[in-house]
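For reference, the structure is listed below as structure tokens.
The values are calculated or read from the model by the stated rules, or taken from the named source; none is laboratory data. From a predicted model like this one, the values you see are computed outputs, not experimental measurements. Virtual Cβ from ideal backbone geometry, glycine too; neighbours counted across all protein chains shown. When the accessible area is computed, the model is the full protein with side chains, heavy atoms only, and any ligands, DNA or RNA have been set aside. Shrake-Rupley method; radii C 1.70, N 1.55, O 1.52, S 1.80 Å.
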Amino acid sequence: LSVFELLLGHISTTSPIPVVTVQTAPFEDQRPGTNGLRRKTAVFEGKKNYLQNYIQSVLSSIDLRDRQGCTMVVGSDGRYFSRAAIEVIVQMAAANGIGRLVIGHNGLLSTPAVSCIIRKIKAIGGIILTASHNPGGPGGDFGIKFNVANGGPSPDTVMERIYQVSRTLEEYAICPDLRIDLSRLGRQEFDLENKFKPFRVEIVDSVEVYLQLLRNIFDFNAIKSLLTGPDQLKIHIDAMNGVMGPYVRRILCDELGAPANSAVNCVPLEDFGGRPPEPNLTYAVSLVDAMKGGDFGFGAAFDADGDRYMILGENGFFVNPADSVAIMAANLSTIPYFRQHGVKGFARSMATSTALDRYNFVDFLSPPGSDHIREKDGLWSVLMWLSIMAARKQGVDQIVREHWAKFGRNYFCRFDYEGLDPRAAFYLMRDLEAVISDKAFTSQKFAVGDHIYSVEKADNFEYIDPVDGTVARNQGLRIIFTDASRLVFRMSGSGGGMGATIRIYAETFERDPERHSRETQVVLGPLIAIALKISNIHERTGRRGPNIIT
């Protein structure tokens, strides 16, 4: 044989990867909620074509002209079934004409990081595999969330489009032979049948782009000085075995100098170590106990995908999320980014405490986030708190109490009734809406002990986006009293097959500093009694009380 023929024998010619069309039938239960589609993991894993149908519905909801050759971001909170689902998403994205996927290393990306990357690289959107604070593992929950080009969650119009596609879906496109390596950083290219350009997958460092963004916002030197040196603030951070582990280690420990043992539960686990990754006093009890010991001046915990958080001060002083947002708003001048660029406005969800409204620059009742990211952001909030502590040279409880003294205190709490029968929950909310919609209700008075509450307004809240005019309806039933106290009832579809959740929010405002140290449950007791009376939630659900109080 000639040298040429010998060499030729060692050259393997790979044929293009085939694109396959698979026949399917629609599922009736694929209407996404506010946080995407959440179901028991077994539904996604075990029901034939369930995952594929929904991914096809998401991809088909994007106009074909926009979809061809575009870039999308993919990440997960690391829960069970994420890797298998990412492989399907990659195969289907390729078959549907997506030109490039940017995926976090080992499939991991926090929700704020996905939002950040979408905006940074001008992607058409991103798919996040998360069920937020819901349990993980084979017996837990799984979720698929689609964020749009501005980095934020899908508005109602997009979710409705996805649902309408899902109802009539007859086929999906996939490249079943396409395989990627999530553990290898860098670019992987694939030739597909009938495609003019190769399909590209880029595995990127999960933390780097997001870290660069935070460096541009915060004074890292100021925070580092707080966390290091002889007078260092000792912190205790619980990543709850979710996606935030790598972010906490890299940013708070490696970059900002906190000792390595400041961070616990930083290895992402498929079942989050067997506990719900929910940062509250019920599930982050090890953090609460550690903070009560008095050795640490600042504590925080994050949920699975990194958009929710909890802040604790020395001796376990709990910062209500409502106070947290308001305090951050009042102290934005401590942040270089906001000193330079100013504040365009603040946003909060309707159910969030009205503490933020005490400032006259609140413009929007919508999902909160900073203008760099269109998502709630737990680590951003933690860095914000550390910046405030560094600037004011005060502890958490002192900052909170001075804030109350200046602006007054909003007593606020939330009761979660989880795992309810969906039909019972639906009819309860329907009947309650009928009660509060009656004209006679707005003149009603409720007497509880020596308290008398007069209804001023009651409605099913809807939000009109001031930018594009889209309307978000059925955001929750709210009752506002003449003294500005209020009750809010919301039903959540994020139970993932574990049933429905009804959340009741109670809030009242106290201006008098002498009355700022009272127990929240005692202050809100009369309002809670009214909520239980008009909803009959215990009688109608067979419950004696809520699962969680926050």
| query | Residues in segment 278-291: is at least one touching a residue at least 60 places away in the same chain (Cβ under 8 Å), open to solvent by 10 Å² or more (accessible area, probe 1.4 Å) and more than 24 Å from residue 507 (Cβ to Cβ)? | reply | no
| remark: segment 9-122: strands (runs of 3 or more DSSP E) wholly inside it with 2 or more residues that are among the small types (Gly, Ala, Ser) and either without any contact (Cβ under 8 Å) to a residue 40 or more places away in the chain or buried (at least 21 other Cβ atoms within 10 Å of the Cβ) (or both) are 71-76, 100-108
| request: Working only within segment 165-190, note down all residues that are closer than 19 Å to residue 87 by Cβ and in a loop (DSSP other than H, G, I, E, B). | output: 175, 176, 177, 178, 179, 180, 181, 182, 183, 184, 185
| In segment 433-463, what residues are open to solvent by 70 Å² or more (accessible area, probe 1.4 Å), without any contact (Cβ under 8 Å) to a residue 24 or more places away in the chain, within 22 Å of residue 524 (Cα to Cα) and not in a helix (DSSP H, G or I)? | 444, 445, 447, 450, 452, 457
| request: Being more than 20 Å from the chain's Cα centre (by Cα), farther than 21 Å from residue 505 by Cα and in contact (Cβ under 8 Å) with a residue 60 or more places away in the chain is the filter here, so list the residues in segment 318-333 that pass it. | output: 330, 331
| task | Could you look through segment 191-222, keep only residues that are aromatic (Phe, Trp, Tyr) and outside any helix (DSSP H, G or I), and pick out the one that is most open to solvent (accessible area, probe 1.4 Å)? | result | 196
| request: Kindly provide the set of residues from segment 192-212 that are at pLDDT 95 or above and charged (D, E, K, R), ordered by number. | output: 200, 202, 205, 208
| remark: Flagged in segment 509-525 as open to solvent by less than 90 Å² (accessible area, probe 1.4 Å) and farther than 20 Å from residue 406 by Cβ, in numbering order, are 521, 524, 525
| Tally, over segment 1-46, of residues that are under 30 Å from residue 191 (Cβ atoms), at pLDDT 90 or above and among the β-branched types (Val, Ile, Thr) | 6
| Every residue from segment 481-501 that is modelled with pLDDT of 95 or more, out of contact with any Gly (no Cβ under 8 Å at 6 or more places or on another chain) and either in the same structural domain as residue 37 (by the TED database) or among the aliphatic types (A, V, I, L, M) (or both) | 487
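Are any residues in segment 402-423 part of a helix (DSSP H, G or I) and touching a helix residue (DSSP H, G or I) at 6+ places or on another chain (Cβ under 9 Å), and if so, which ones? I'd like the intermediate steps shown before the answer.
At the first step, the residues of segment 402-423 found to be part of a helix (DSSP H, G or I) are 402-407, 422-423.
Within segment 402-423, 402, 403, 404, 405, 406, 407 qualify.
When you go through 504, 528 one by one, which is the residue that is at pLDDT 95 or above and part of a helix (DSSP H, G or I)? Before the answer, list the steps.
Numbers: 504 fails: part of a helix (DSSP H, G or I).
Being at pLDDT 95 or above and part of a helix (DSSP H, G or I) holds for just one of 504, 528, which is 528.
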| task | Looking only at segment 409-432, count how many residues are surrounded by fewer than 16 Cβ atoms within 10 Å (Cβ to Cβ) and over 22 Å from residue 546 (Cα atoms). | result | 0
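Report yes if some residue within segment 226-237 is part of a loop (DSSP other than H, G, I, E, B) and open to solvent by less than 10 Å² (accessible area, probe 1.4 Å); otherwise report no. I'd like the intermediate steps shown before the answer.
Residues of segment 226-237 part of a loop (DSSP other than H, G, I, E, B): 228-234.
This time we only want the ones that are open to solvent by less than 10 Å² (accessible area, probe 1.4 Å), so: none.
Checked segment 226-237: no residue is part of a loop (DSSP other than H, G, I, E, B) and open to solvent by less than 10 Å² (accessible area, probe 1.4 Å).
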| request: Output the number of the condition that residue 157 fails; it satisfies all remaining conditions of (1) buried (at least 23 other Cβ atoms within 10 Å of the Cβ); (2) of a type outside the set (Phe, Trp, Tyr); (3) more than 17 Å from the chain's Cα centre (by Cα); (4) at pLDDT below 95. | output: (1)
| message | As an exercise: evaluate residue 134 against (1) within 27 Å of the chain's Cα centre (by Cα); (2) closer than 16 Å to residue 89 by Cβ; (3) part of a loop (DSSP other than H, G, I, E, B) and give the number of the one condition it does not meet. | response | (2)
| Just checking, how many residues over segment 311-324 are at pLDDT below 90 and open to solvent by 20 Å² or more (accessible area, probe 1.4 Å)? | 1
